[in-house]
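A.B. asks: There's a structure below that I have some questions on.
The values are calculated or read from the model by the stated rules, or taken from the named source; none is laboratory data. Here the structure is a predicted model, which is why all the values come from computation and not from measurement. Every residue, glycine among them, receives a Cβ derived from its backbone with ideal geometry; neighbour counts consider all protein chains shown.
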Amino acid sequence: MPGPRPCLFPGRDSTLMSTATVAPVSVWEAAHQVDADRPRSRQKQLGASDTVCQRRAAYILAGTPPTDEADKRTAILGTYIHEGLLTAARTRYGWQVERTVADELIRGHIDVVQFDEATARRLPERHRPRVHATASERQGVVVEDLKTKSTFVWDRVIKYGATAAELRQLYTYARLLRTHGFEDVKGQRHLARLGPIPVQTLRFRFVNRDNGTEHTQEFRYDERAAEQARWWVEQVHDVEDPDEAPRDFDGPGLDGTCDHCRFRTRCWPPTDPPGAAPQSILVRNDADRAAALADYERGQQLESRGGRIRKLARAKLDAAPPGIYGEHQLTWTGGNAKREPDVDAMIRLFHDAGLPVPTTPDTAAMTTQLKTAGIPVPERTGRARTPRTIQVSPAPAQ
Ligand code: SF4
């Protein structure tokens with residue numbers, strides 16, 4: 001006697017399925033509310049972490065109401081990790097964390113300030129660090145920024161380090177410390193009494209928020225880079241109409257920063273005709289069209305040249321063993337047999353369970369059969385559209 005049929009869909013209880021279920025309340029609602037109540041969320045002054053895009057910074061400074069909801073879940077998770085790690089560093093190592101700096105144009109909260117021996121000795125003993133993160137005295141005072149990153153961008157972080165906006169933020173902190181010292185506010189008056197702090201080293205501490213891997217990037221304070229960061233902030237303060245401020249990113253669909261920006265609809269208003277790429281608003285006349293065509297052509301040439309260089313290099317490296325060569329590390333991944341669904345075994349399972357095996361018409365085989373028989377293949381206009389393909393070629397001689 002055959003045994004009972006295996007159940008292919010355990011848990012599908014018809015009694016349960018017919019009962020309407022109400023999804024439990026999401027914990028994110030509470031998390032967003034708590035986040036909105038944070039002092040940083042209510043701050044109206046320009047913050048060092050706002051030095052990402054000039055247009056966005058100008059909107060913030062002008063008090064422009066946001067036009068879009070931003071999904072803050074990733075940022076909130078980053079804040080939780082941030083708080084946990086910095087609290088641990090403060091309580092166990094005695095590091096100075098989350099300290100405020102400000103002047104008339106900008107304010108910010110420095111994640112970590114590592115004092116050198118000489119500066120630490122100027123503090124009451126209980127405020128001195130118990131564990132130093134600074135490898136040598138030559139590094140002097142170190143200003144540190146902790147950034148959490150996903151695995152998705154981790155390779156880019158290791159390869160290229162901090163972004164221009166992140167560098168600007170860290171230089172803004174360091175410059176404020178060098179010119180003004182710590183802000184004279186409750187909780188850090190003992191630090192404010194130190195006066196301007198001669199920061200010599202900047203450090204990024206990147207933490208992978210998926211697996212905890214830590215990576216640091218360190219460099220000497222550079223006065224020119226600090227002045228450029230300051231100039232950026234001054235430019236934003238000089239903006240009279242935020243809608244005229246330069247955009248530092250290429251817009252929704254091309255830059256993730258814009259996709260998640262709270263001002264993206266204000267910055268990239270609806271297009272004419274509706275549905276065109278947001279960037280089409282940047283082209284107003286034939287001169288703009290000519291410039292965009294020239295850019296397209298230049299981009300195509302760079303792309304094709306870059307592709308040739310990469311393909312040749314890849315072919316040359318095909319037999320190279322993994323290792324560190326000069327400034328780069330070579331590793332190989334893949335090359336393993338791929339796993340794929342075993343369709344025959346699935347059909348057997350469905351047969352055994354008495355379930356119908358789904359069938360999909362094989363359009364390619366049917367088309368071939370009709371053509372072979374000399375019968376025209378019936379067609380109808382579908383909803384899908386063929387992709388619009390741009391063709392750019394030299395203008396014919398007039
Ligand atoms: S949408 Fe992009 S370019 Fe515009 S303000 Fe936001 S980040 Fe800047």
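A.B. asks: Condition (residue is hydrophobic (A, V, I, L, M, F, W, C), within 16 Å of the ligand (Cβ to nearest atom), at pLDDT 90 or above and touching a helix residue (DSSP H, G or I) at 6+ places or on another chain (Cβ under 8 Å)) applied to the stretch 61-73: is it met by at least one residue?
C.D. replies: Filtering the stretch 61-73 for residues hydrophobic (A, V, I, L, M, F, W, C) gives 61-62, 70.
Retained after the next criterion (residues that are within 16 Å of the ligand (Cβ to nearest atom)): 61-62, 70.
With at pLDDT 90 or above added as a condition, the list becomes 61-62.
From the residues that got through so far, the ones that are touching a helix residue (DSSP H, G or I) at 6+ places or on another chain (Cβ under 8 Å) too are 61-62.
Yes; the residues of the stretch 61-73 include at least one that is hydrophobic (A, V, I, L, M, F, W, C), within 16 Å of the ligand (Cβ to nearest atom), at pLDDT 90 or above and touching a helix residue (DSSP H, G or I) at 6+ places or on another chain (Cβ under 8 Å).
A.B. asks: Something else about it: Restricting to the stretch 106-128, and then to whatever is touching a residue at least 24 places away in the same chain (Cβ under 8 Å) and of a type in the set (A, V, I, L, M), can you tell me which residue is farthest from residue 145 (Cα to Cα)? Working first, answer last.
C.D. replies: Step one: of the stretch 106-128, the residues touching a residue at least 24 places away in the same chain (Cβ under 8 Å) are 106-116, 119, 122-124, 127-128.
Going one step further and asking which of them are of a type in the set (A, V, I, L, M), we end up with 106, 110, 112-113, 123.
On the way: 106: 17, 110: 7, 112: 7, 113: 9, 123: 22 Å.
Result: 123.
A.B. asks: Could you tell me how many of the residues in the stretch 52-95 are in a loop (DSSP other than H, G, I, E, B) and either of a type in the set (A, V, I, L, M) or touching a residue at least 12 places away in the same chain (Cβ under 8 Å) (or both)? Outline the logic, then answer.
C.D. replies: From the stretch 52-95, those in a loop (DSSP other than H, G, I, E, B) are 52-53, 63-72, 94-95; that's our starting set.
Applying the additional criterion that residues be either of a type in the set (A, V, I, L, M) or touching a residue at least 12 places away in the same chain (Cβ under 8 Å) (or both) yields 52-53, 63-64, 66-72, 94-95.
Qualifying residue count for the region: 13.
A.B. asks: Return the residue satisfying two criteria in turn: it lies in the stretch 255-277 and is touching a helix residue (DSSP H, G or I) at 6+ places or on another chain (Cβ under 9 Å) and outside any loop (DSSP other than H, G, I, E, B), and of such residues it is farthest from the ligand (Cβ to nearest atom).
C.D. replies: Ranking the qualifying residues of the stretch 255-277, first place goes to 266.
A.B. asks: Would you mind stating whether residue 169 is within 16 Å of the ligand (Cβ to nearest atom) and touching a strand residue (DSSP E or B) at 6+ places or on another chain (Cβ under 8 Å)?
C.D. replies: When the stated conditions are applied, residue 169 passes them.
A.B. asks: For the stretch 310-361, name all the residues that are small (Gly, Ala, Ser) and farther than 30 Å from residue 156 by Cβ. Please lay out each step first, then the result.
C.D. replies: Taking the stretch 310-361 first, the residues small (Gly, Ala, Ser) are 313, 315, 319-320, 323, 326, 334-335, 337, 345, 353-354.
Correct list: 345, 353, 354.
A.B. asks: Have a look at 103, 35 and point out the one that is assigned by TED's automatic domain parsing to the domain that holds residue 215 and either free of Cβ contacts under 8 Å to residues at least 60 places away in the same chain or within 16 Å of the ligand (Cβ to nearest atom) (or both). Full working, then the answer.
C.D. replies: Values: 103 fails: either free of Cβ contacts under 8 Å to residues at least 60 places away in the same chain or within 16 Å of the ligand (Cβ to nearest atom) (or both).
One residue alone meets the criteria, 35.
A.B. asks: Can you spot a residue in the stretch 188-203 that is surrounded by fewer than 19 Cβ atoms within 10 Å (Cβ to Cβ), touching a residue at least 60 places away in the same chain (Cβ under 8 Å) and in contact with a Pro (Cβ under 9 Å, 6 or more places away or on another chain)?
C.D. replies: The answer is yes, given that some residue of the stretch 188-203 is surrounded by fewer than 19 Cβ atoms within 10 Å (Cβ to Cβ), touching a residue at least 60 places away in the same chain (Cβ under 8 Å) and in contact with a Pro (Cβ under 9 Å, 6 or more places away or on another chain).
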